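**Student:** My questions will all concern the structure given below.
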């Protein structure tokens, strides 16, 4: 292709036309902070881990449960607490493992794949926590409804109000939950859409070439 | 020891900085963006430098890290085309061999290249740098055959942009 040859000729001719950066400037540059996508994914990932660990710690409500007439359920919840901690540690390990693998000396495709994998770990972690929040919410309501002596008068009211009242109660609770989950989802779409759009697009482009 | 490493890195980078400049030229428009990407590539090269063992040439290694940074790590979008870069091509033509028709054609050519996506730019870049398909396929992580096929498609695409 004639035009491409022309371009190549021009490209070579102008190889040395750039303003040269001095050694001093390079020294300064390597001591500055990177603003790469990977760095931001790492920072946001760590914040997410801390956030959900914080939520887990805050929602530790042993005293409240002691006042319920829940019997064995308390034991189950304790077991679940341990399992939950183990799962979170597993996620953190995965995140770390994926992160250290990321290297700019890999091929472009491998690099992108590794970044996306790191991101996926955190996404799964967030979804896991949302599901836990959902289950805790439902369990919490059921426990409060059936086992909390303080709520007994309200229970009476609902039970005598018929199915409509009961449905209203359940519907209302689920509605609040749905709004919360949608908000979290939107937040993630925005946050990572901003960070990952270019990377995703380029990864798809590469994959398309190698189908 | 760390100082030695730093010194050796700075020296080699200074000697080979045109590689980075060329990538910045292809992937950014405007002086600020050029500087910004140049800095990010330098940081990434420095971060990867301890792993550089000298079993490949510094330039081969630098090509890969620099391209990866431009395509993958650099956050700013490279799609927008400003009028800046069109003018940029002007001062690349030296006075002595001024040829109006050639200049027009080159200008169109640069415009067409800027319209390509990030991956296509990478292929064109390596073509302009006389890299063989083996290196292209290794750098991008695609097969040699597919790199060839893609390169031909890009040539077709450029032709189409030039002669609609």
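**Student:** Quick one: how many residues across the stretch A:1-39 are surrounded by fewer than 17 Cβ atoms within 10 Å (Cβ to Cβ) and within 36 Å of the chain's Cα centre (by Cα)?
**Tutor:** 6
**Student:** Determine, yes or no, whether residue B:119 is crowded, with 17+ Cβ neighbours inside 10 Å, touching a helix residue (DSSP H, G or I) at 6+ places or on another chain (Cβ under 7 Å), within 8 Å of chain A (Cβ to nearest Cβ) and at pLDDT below 85.
**Tutor:** Numbers: crowded, with 17+ Cβ neighbours inside 10 Å: yes; touching a helix residue (DSSP H, G or I) at 6+ places or on another chain (Cβ under 7 Å): yes; within 8 Å of chain A (Cβ to nearest Cβ): yes; at pLDDT below 85: no.
Judged against the criteria, residue B:119 is not a match.
**Student:** So the check is Cβ under 6 Å with 6+ separation or different chains; which pairs have a first residue in the stretch B:47-59 that's more than 19 Å from residue A:38 (Cα to Cα) and a second one that's in a loop (DSSP other than H, G, I, E, B)?
**Tutor:** Pairs that qualify, where the first residue is more than 19 Å from residue A:38 (Cα to Cα) and the partner is in a loop (DSSP other than H, G, I, E, B), are B:59/B:16.
**Student:** Can you give me the number of residues within the stretch B:12-60 that are facing another protein chain (nearest Cβ under 7 Å) and modelled with pLDDT under 90?
**Tutor:** Residues in the stretch B:12-60 being facing another protein chain (nearest Cβ under 7 Å) and modelled with pLDDT under 90: 1 in total.
**Student:** Mind checking which residues of the stretch A:7-30 are assigned to a loop (DSSP other than H, G, I, E, B) and more than 7 Å from every other protein chain (Cβ to nearest Cβ)?
**Tutor:** A:19, A:22
Residue-wise test of (1) at pLDDT 80 or above; (2) in a helix (DSSP H, G or I); (3) under 30 Å from residue A:200 (Cβ atoms).
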site	(1), (2), (3)
B:86	no, yes, yes
B:103	yes, yes, no
B:109	yes, yes, yes
B:113	yes, yes, yes
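**Student:** Given (1) closer than 17 Å to residue A:37 by Cβ; (2) over 13 Å from the mean Cα position of the chain (by Cα), identify the lone condition not met by residue B:30.
**Tutor:** Unmet for residue B:30, out of (1) closer than 17 Å to residue A:37 by Cβ; (2) over 13 Å from the mean Cα position of the chain (by Cα): (1).
**Student:** State all residues of the stretch B:139-152 that are within 9 Å of chain A (Cβ to nearest Cβ) and surrounded by fewer than 16 Cβ atoms within 10 Å (Cβ to Cβ); if no residue qualifies, say none. Steps first, please.
**Tutor:** Going through the stretch B:139-152, the residues within 9 Å of chain A (Cβ to nearest Cβ) turn out to be B:139-143, B:146-147, B:149-150.
Hits for the stretch B:139-152 are B:143, B:149.
Conditions (1) surrounded by 12 or more Cβ atoms within 10 Å (Cβ to Cβ); (2) free of Cβ contacts under 8 Å to residues at least 24 places away in the same chain; (3) farther than 30 Å from residue A:35 by Cα; (4) away from chain B (no Cβ under 14 Å), marked per residue:
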site	(1), (2), (3), (4)
A:111	yes, yes, no, no
A:114	yes, yes, no, no
A:125	yes, no, no, yes
A:134	yes, no, yes, yes
A:173	yes, no, yes, yes
A:184	yes, no, no, yes
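**Student:** If residue B:11 satisfies every condition in (1) in a helix (DSSP H, G or I); (2) surrounded by 13 or more Cβ atoms within 10 Å (Cβ to Cβ) but one, which is the exception?
**Tutor:** (2)
**Student:** Taking the options A:167, A:190, A:211, name whichever one is closer than 30 Å to residue A:119 by Cβ, modelled with pLDDT under 85 and more than 22 Å from the chain's Cα centre (by Cα).
**Tutor:** Among A:167, A:190, A:211, only A:211 is closer than 30 Å to residue A:119 by Cβ, modelled with pLDDT under 85 and more than 22 Å from the chain's Cα centre (by Cα).
The values are calculated or read from the model by the stated rules, or taken from the named source; none is laboratory data. Just so it is clear, the model here is predicted, and its values are computed rather than measured. No Cβ is skipped: glycine too gets one built from the backbone with ideal geometry, and neighbour counts run over all protein chains shown.
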